[in-house]
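These notes are about the structure you will find just below.
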Amino acid sequence: MLTHKKYTREHRGTVGRIESDNPRMTCRSVDVFYGDKQAIIDVSIDIGRNEVIAMIGPSGCGKSTFLRCLNRMNDTIATCRVTGDIRLDDLDIYDKNIDVVPLRAQVGMVFQKPNPFPKSIYDNIAYGPRIHGLVSNKPEEDEIVETSLKKAGLWEEVKDRLNQPGTSLSGGQQQRLCIARTIAVSPEVILMDEPCSALDPIATATIEGLIDELREHYTIAIVTHSMQQAARVSQRTAYFHLGDLIEVGETKKIFTNPQHELTEDYITGRFG
Amino acid sequence: MLNKTRVSVLGILLLTLAAGVPQAEARDYITVVGSSTVYPFATVVAEQFGKTTKFKTPKIEATGSGGGLKLFCSGVGVEFPDMTNASRRIKKSEVEQCDKNGVKDIIEIKIGYDGIVLANSKKVEHLHFTRKEIFLALAKEVPDPKGGTSLIPNPYRKWSEINPELPGTKIEVLGPPPTSGTRDAFMELVMETGAEGFDWIKALAKSDKQQFKEIAHTMREDGLFVEAGENDNLIVQKLAVNPDAVGIFGFSFLDQNTDKMQGAFVDGVEPTFEAIAEGQYPVSRPLYMYVKKAHAGVIPGIKEFLNEFTSEKAWGEDGYLADKGMIPMPDEERAAFREDVQKLKTLTLK
Amino acid sequence: MNNPDIKQSREAEPQYPRAIDIVNRGLAKRYGKEQRFKIYGLTAVVLSLSFLALLFFTIFSNGYSAFFQTFVKLEVFFDPAFIDTDDPANSNFPGLVKKTLRDEFPEVKTRKEKKELYSLISSGAAFQLQKMIQQQPDLAGRTVTIRVPADDDVDMLNKGNITRDVPESDRRINDRQLAWIDKWAHEGKITKRFNTAFFTSGDSREPELAGILGALVGSILTLTLTLLLSFPVGVASAVYLEEFAPRNRWVDIVEVNINNLAAVPSIVFGLLGLAVFINFFHMPRSAPLVGGLVLTLMTLPVIIIASRVSLQSVPPSIREAALGIGASKMQTVLHHVLPLALPGMLTGTIIGIARALGETAPLLMIGMVAFIVDIPSGFTDPATALPVQIFLWADSPERGFVERTSAAIIVLLALLVVINSLAVILRNRFERRW
């Protein structure tokens, strides 16, 4: 095994095992461009079933960009171009015939800043099932709202005020509401883009606990700038640097015994 | 939900449009366009007609004499006006235009006279002008007072500089803008005649019409003549607060404001109802109405409306049009035109 | 701070000015600046408010009197001689009015005097009698006391707008007429009452009969059409341009042109309307249909620009939230973006409609500046609009129209207030829609 491989532009190979034994999503040779600027360079990685994979790296390393490729959220940016192969259970999600609407129902997303709709708590949850036709009557809707909120650990706090606006909740509650909203449409993969960056430590701890519980049912990819958080919630970790995927591996190994010099520098706090 | 609203709004739209267009094919009211000078008189007749007969009240637009004739001559059919008013006679070119668009038979009705007055506030003395003096006060360039046939920029700043008998106040005249029929008539009846007061300019009128018009029709632009807009009421109000100013407007406005305004004598004649009616007051013009013969009988009420207009209670000496300030024609002239109207006699240009 | 070197150097050079002293020295000047700026601002606000107050004061002081009208009490004997038994509505009502007046003042004999006497009562009196007979045909042969509107000159005299102390020849009411009026006044027959006719009738050349209703209905019809057309079209265009249109040169050209259109003088839209709707589509002249279409063209750019701005101000996180759970673009826009942008769109629309309400110039070209007595009952009936009515009255020679012009302006202002409050109510409702 190589030790402390030097990072050069010429040699971009990712250190560590990119494959997963039981992959849910497979990404191969993914390049992302914003206009002329290349933001992601030849990234290949698997995301395993029922695992939490953390993507870490310094600001501007492309980790969020990569995450947004996984449910084609980058489509909304006019200048953004994605090449390579990203598959969800053998389905090429960048195929011409793929409809992003069902894709995003399958691959849900939670954003950096809690962004509940300016509607009631109830409607925030029920909206997704409604537009996808997952519910056909009020009792079904009630049930899905209740189970989603329970899964997100918010039910006890809000069950008496479901008609109040979602925006009236605290930041941590709002983010859990957004998670509940995402799981209400029964996705298979949940993408989380720095979900705790706007939250205080207590709310963060609640969300981290929640992620751990959700792992049972969902595959979760989480982008975080906090190494401690990555260490706490994830099984595998991917380290990005300037658009390159430097190293992938089991979280424990990455944090105790990084193979790449850059990874080590980052996790030991020499930069980042 | 929003979708449904959107669809229903679009539906309403289409319905209104669908309902609107076919209705243009029939019209049960008379439409009149034309001169804003005739407008206050034509509207009174229209209102009277609408309230006393079973017909709808005619619609009257003030488009100006030229604009009215242009619309009038655009064609025959319900979308074109039935009549137009004019504060001047129809021109040969306009008759030809009418003819080209199929408007062949036109009935011409002279309805009365309108006087143009120069008035000032009652607070100061009554003014007496000759037209030559008015020309000297208002033209941009005037003949050199030292004699000869050269023009100099208007040097007069006070009335008394033109004629020592006139008051020693600053010349300040509020008048209509060039778009107004009143201005046209004023140019023709006052400025041209005033300019002809100089023999060599009068000679020009025959030899070089172009240059004559330039002399007579160019108003001074040094701020002593102010174009006060089409609103004659505004001129009256300005005159009331500025006793030194003189205003130019239609007689009907003087008639309504006799407690505040007095009309200046022009060439020794005061603008009174009688003086204008008898043709003594020099600054008056005839008012006309033109009717499409082809529309009579198609649009309901045209004959009846003309009947009302030419009845003694309307345009007679004691008629309601006279109350509104229109100057009636002499008896014989009225009788002749009424007969023409009864027979729907059409216009032939000599 | 604990560095002993710094401490020493400070003590060694006590004359060296401390930063806080410099700050303190400048404070007075800074606050002075702030104070002055506040005063400037306050002066500007007070100045603009006082101009507004002055405008309102002049308009109200000129116009309020038009809401009252002088009436004369007359005892009318419905003389069967004047009533046509077969067709009572077609009787000689002016004759009946004249006879009633002659009975009031039997001493009036000469033709001239009679004419002066008749002119004290509005020609509307005859129409009033006509209406009474139509409603109660059995009035023939009975005597009824009714109030009829006085002529506008009498009305002006009663309101003090015609002075008595000028020489008789300079008054529109002569001494003889004054005596009759004074006799009526002495008998308590002259009353000033609320002028309902002003709100219930159309235009008239007689100030005492002229009303605002025709113009009001015309304005409402025109603006209803304008609103129905311009709001959906404007919002749809804004949504397309902002949310769906590809970013390319054509869209840029469209954008620039919309901005240019918003600055085009309104008369140009009138000319366009004349050429397209009337001359090409042969729509009727003077109709609210065409007026509404022309004002729609004029209002559209304003609504599109305002709507785009309010769409842009919707936070992108809302779009991401909806897209992230699999809403389609259309659903994202309709369910989330549009409701949030709607208050801003409504504000833009109200501004556009308010501008359209006050517009005269484009209506001139399409024949809505006209004398129209009958109240329009549909989109194709000839109609005028409120500002046109103000324009027409302001240009009428009769003295009575001066106060009616101001009164019409008051009505227009009231309408604006209503529209604006409606906008505020609507906006609040939409904003509270969670």
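The values are calculated or read from the model by the stated rules, or taken from the named source; none is laboratory data. What you see is a predicted model; the values in this text were computed from it and never measured. Every residue, glycine as well, gets a Cβ built from its backbone with ideal geometry; the counts of neighbours run over all protein chains shown.
Summary table
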item: Top-ranked residue of region B:324-350 - restricted to ones that are touching a strand residue (DSSP E or B) at 6+ places or on another chain (Cβ under 8 Å) and among the charged types (D, E, K, R), ranked as surrounded by the most Cβ atoms within 10 Å (Cβ to Cβ); result: B:ASP340
item: Any hit, region A:111-122, residues being more than 29 Å from A:SER20 (Cβ to Cβ) and in a helix (DSSP H, G or I); result: yes
item: Answer from C:SER123, C:SER61 - the residue that is within 30 Å of C:ASP151 (Cα to Cα), out of contact with any Cys (no Cβ under 8 Å at 6 or more places or on another chain) and buried (at least 18 other Cβ atoms within 10 Å of the Cβ); result: C:SER123
item: Counted residues, region C:302-322 - those being at the interface with chain A (Cβ under 8 Å from one of its Cβ atoms) and in contact with a helix residue (DSSP H, G or I) (Cβ under 6 Å, 6 or more places away or on another chain); result: 3
item: Near pairs, Cβ below 6 angstrom, 6+ apart or cross-chain, from region C:305-323 (closer than 17 Å to A:SER64 by Cβ and assigned by TED's automatic domain parsing to the domain that holds C:PHE231) to any residue that is of a type in the set (Ser, Thr, Tyr) and modelled with pLDDT of 90 or more; result: C:ARG319/C:THR332; C:LEU323/C:THR332
item: Answer residue from region B:251-274, given it is away from every other protein chain (no Cβ under 13 Å) and of a type in the set (A, V, I, L, M, F, W, C) and is farthest from B:ILE134 (Cα to Cα) among those; result: B:VAL269
item: Residue ID - surrounded by the most Cβ atoms within 10 Å (Cβ to Cβ), chosen from residues in region A:124-154 that are touching a residue at least 24 places away in the same chain (Cβ under 8 Å) and farther than 13 Å from A:THR182 by Cα; result: A:LEU154
item: Residues within region A:160-175 that are in contact with a strand residue (DSSP E or B) (Cβ under 8 Å, 6 or more places away or on another chain) and within 11 Å of chain C (Cβ to nearest Cβ), tallied; result: 4
item: Positions within region C:354-385 being more than 10 Å from chain B (Cβ to nearest Cβ), among the polar types (S, T, N, Q) and either under 23 Å from C:VAL268 (Cβ atoms) or touching a Gly at 6+ places or on another chain (Cβ under 8 Å) (or both), in sequence order; result: C:THR360
item: Among (1) small (Gly, Ala, Ser); (2) without any contact (Cβ under 8 Å) to a residue 60 or more places away in the chain; (3) part of a helix (DSSP H, G or I) - the single one C:GLY326 does not satisfy; result: (3)
item: Residue within region B:113-127 that is in contact with a Gly (Cβ under 7 Å, 6 or more places away or on another chain), within 24 Å of B:GLY279 (Cβ to Cβ), of a type in the set (Val, Ile, Thr) and crowded, with 16+ Cβ neighbours inside 10 Å present; result: yes
item: When residues of region A:155-200 are limited to those that are under 17 Å from the mean Cα position of the chain (by Cα), at negative phi and of a type in the set (Ser, Thr, Tyr), the one surrounded by the fewest Cβ atoms within 10 Å (Cβ to Cβ); result: A:SER197
item: Residue pairs meeting the criteria (Cβ under 7 Å; at least 6 apart or on separate chains; first within 11 Å of another protein chain (Cβ to nearest Cβ), in region C:386-398; second surrounded by fewer than 21 Cβ atoms within 10 Å (Cβ to Cβ) and β-branched (Val, Ile, Thr)); result: C:VAL388/C:THR360; C:PHE391/C:THR360
item: Counted residues, region B:40-57 - those being more than 7 Å from chain C (Cβ to nearest Cβ) and either within 14 Å of B:MET289 (Cα to Cα) or among the hydrophobic types (A, V, I, L, M, F, W, C) (or both); result: 5
item: Residues of region C:188-203 that turn out to be within 14 Å of chain B (Cβ to nearest Cβ) and either free of Cβ contacts under 8 Å to residues at least 12 places away in the same chain or buried (at least 24 other Cβ atoms within 10 Å of the Cβ) (or both), as a count; result: 2
item: C:SER328 vs. criteria facing another protein chain (nearest Cβ under 9 Å), surrounded by fewer than 19 Cβ atoms within 10 Å (Cβ to Cβ) and over 19 Å from the mean Cα position of the chain (by Cα); result: yes
item: Of all residues making up region B:190-240, the number that are out of contact with any Gly (no Cβ under 9 Å at 6 or more places or on another chain) and within 14 Å of chain C (Cβ to nearest Cβ); result: 7
item: Residue within region B:302-309 that is among the hydrophobic types (A, V, I, L, M, F, W, C), in contact (Cβ under 8 Å) with a residue 40 or more places away in the chain and over 30 Å from B:ASP28 (Cα atoms) present; result: no
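Here is a yes/no grid of residues against (1) assigned to a loop (DSSP other than H, G, I, E, B); (2) β-branched (Val, Ile, Thr); (3) without any contact (Cβ under 8 Å) to a residue 60 or more places away in the chain:
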{"residue": "B:VAL95", "(1), (2), (3)": "no, yes, no"}
{"residue": "B:LYS104", "(1), (2), (3)": "yes, no, no"}
{"residue": "B:GLY112", "(1), (2), (3)": "no, no, no"}
{"residue": "B:ILE116", "(1), (2), (3)": "no, yes, no"}
{"residue": "B:ALA119", "(1), (2), (3)": "no, no, no"}
{"residue": "B:VAL124", "(1), (2), (3)": "yes, yes, no"}
{"residue": "B:LYS132", "(1), (2), (3)": "no, no, no"}
{"residue": "B:GLU161", "(1), (2), (3)": "no, no, yes"}
{"residue": "B:GLU165", "(1), (2), (3)": "yes, no, yes"}
